[in-house]
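Colleague: Let me begin by handing over the structure; questions about it come next.
The values are calculated or read from the model by the stated rules, or taken from the named source; none is laboratory data. Computed from a prediction, not measured in an experiment: that's the story for all the values here. Note that we place each Cβ from the backbone using ideal geometry, even for glycine, and neighbour counts take in every protein chain shown. Heavy atoms of the whole protein, side chains included, go into the accessibility calculation; ligands, DNA and RNA do not. Shrake-Rupley method; radii C 1.70, N 1.55, O 1.52, S 1.80 Å.
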Amino acid sequence: MRIDVEAFKVLEVLVEEGSFAKAATRLHKAQSAVSYQVKKLEQHLGVTLFNRDQYRAELTPQGRVILSEGRRLLQHLANIEHLAGRYSQGWEPKLELIIDGALPMEPIMCALKRMSEHDVPTKIQLNMEFLGGVQHRFERDKADIMLVKDYRSGPSYHPQALPRITSVLVVSNSHPLATQSKISLDELQQHVELTIEDSSPEKTMRDEMQFGGDKVFYLSGFIMKKNALAMGLGFGWMPDFLIQDALKSGDLVEIDFIGGSRFSFTPQLVSTLERPLGKAGQLFTQLIIEEFAKAQGQSQSGLG
């Protein structure tokens, strides 16, 4: 015989009311039905739950432990019912996001913070990849959304443009390139280039802004690249939002390259029609677009 979960609710009310008669009134049951339900639970568990020698309905030590566990079970069941109700309203159980490491994290974190304020029942998983690794993981894991610098489009993909991001070609102020002017490609290629490694297993995507020299250090993220630049290991492109303070302080210097020291790209928020977004995905899309626009506005006002 399985445990009657409702019996734990009866136990809870019985303890709160202090008598079988009052508990029966509150539960809208006959007193004999309440007594029977408790007796049946005791027989099933092989434990005496109540000390019936007392005037008030008083739990035995074993009964106190059983009631404590029963309350946890009732709360767990209530949570399941709550989640099921939210899911039936269109909230997905899980939302998986793949983020390109070249994108700013602050607006993404702000969007996630706002998601939490909506009491969303959806579990959210965020993973970071680089270059071709973003789309590779998006497709491999059948993720819901990717925020990506570049990707191979397809008929089922639904992209939404985010504000443009500028990358700057920089070097440490202690590096020989920091004091040179009108630097040619040949001169640039004499020095170590620092670049980000494609995180996909096939390594099929090469950074299109690489300079093609023989001296290249491949790094696994922009924080590592920023540290390497600061140490004077080489030169490289960096998203401007990561190096604004270093440029202002003079720790990093924009290289005077004749081919140009800045380029911009338009990142995309991409979902796929093969996996339509539920309420959580739609809400996150709305919030992330708002937060990126807000961040762009703040950046432009700061420049002004």
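Colleague: Counting DSSP beta bridges with both partners in region 28-171, what percentage is antiparallel, nearest 5?
Modeller: 15 percent
Colleague: Follow-up question, since we're still on this one. All other residues with a Cβ under 13 Å from the Cβ of Ala21 taken together, and with Lys, Arg as +1 and Asp, Glu as -1, what is their net charge?
Modeller: +3
Colleague: From the Cα trace of the chain, what convex hull volume per residue do you get, rounded to a whole Å³?
Modeller: Looking at the chain, the number lands at 221 Å³ per residue.
Colleague: Distance check, please: which entries in Lys149/Lys203; Lys182/Lys226; Lys203/Lys225 exceed 21 angstrom between their Cα atoms?
Modeller: Checking Cα-Cα distances, Lys182/Lys226 exceed 21 Å.
Colleague: Counting heavy atoms of the protein chains only and a 1.4 Å probe, report the per residue accessible area for region 103-167 as a whole number of Å².
Modeller: Result: 50 Å² per residue.
Colleague: Further question: Express as a percent, rounded to the nearest 5, the fraction of DSSP beta bridges in the chain (both residues included) that run antiparallel.
Modeller: 60 percent
Colleague: Taking the chain as a Gaussian network, Cα atoms linked when under 10 Å apart, which of His175, His158, His118 shows the biggest mean-square fluctuation?
Modeller: Answer for the Gaussian network model of the chain: His118.
Colleague: Further question on the same structure: Could you bin all the Cα-Cα distances of region 2-144 into 10 Å bins starting at 0 and give me the percent of pairs in each, rounded to whole numbers?
Modeller: Each 10 Å bin holds this share of Cα pairs: 10, 27, 18, 14, 14, 12, 5, 0.
Colleague: Net charge within 14 Å of Gly259 by Cβ-Cβ distance, Lys/Arg positive one each and Asp/Glu negative one each, not counting Gly259 itself?
Modeller: -4
Colleague: Among Ser153, Ser167, Ser35, which one shows the highest mean-square fluctuation when the chain is modelled as a Gaussian network with alpha-carbon springs under 10 Å?
Modeller: Result: Ser35 has the largest fluctuation of those listed.
Colleague: Can you tell me the relative contact order of the chain? Whole percent, Cα pairs under 8 Å, sequence separation 6 or more.
Modeller: In percent, rounded to a whole number, it is 21.
Colleague: Kirkwood Rh, region 171-304, all Cα pairs: how many Å?
Modeller: 17.3 Å
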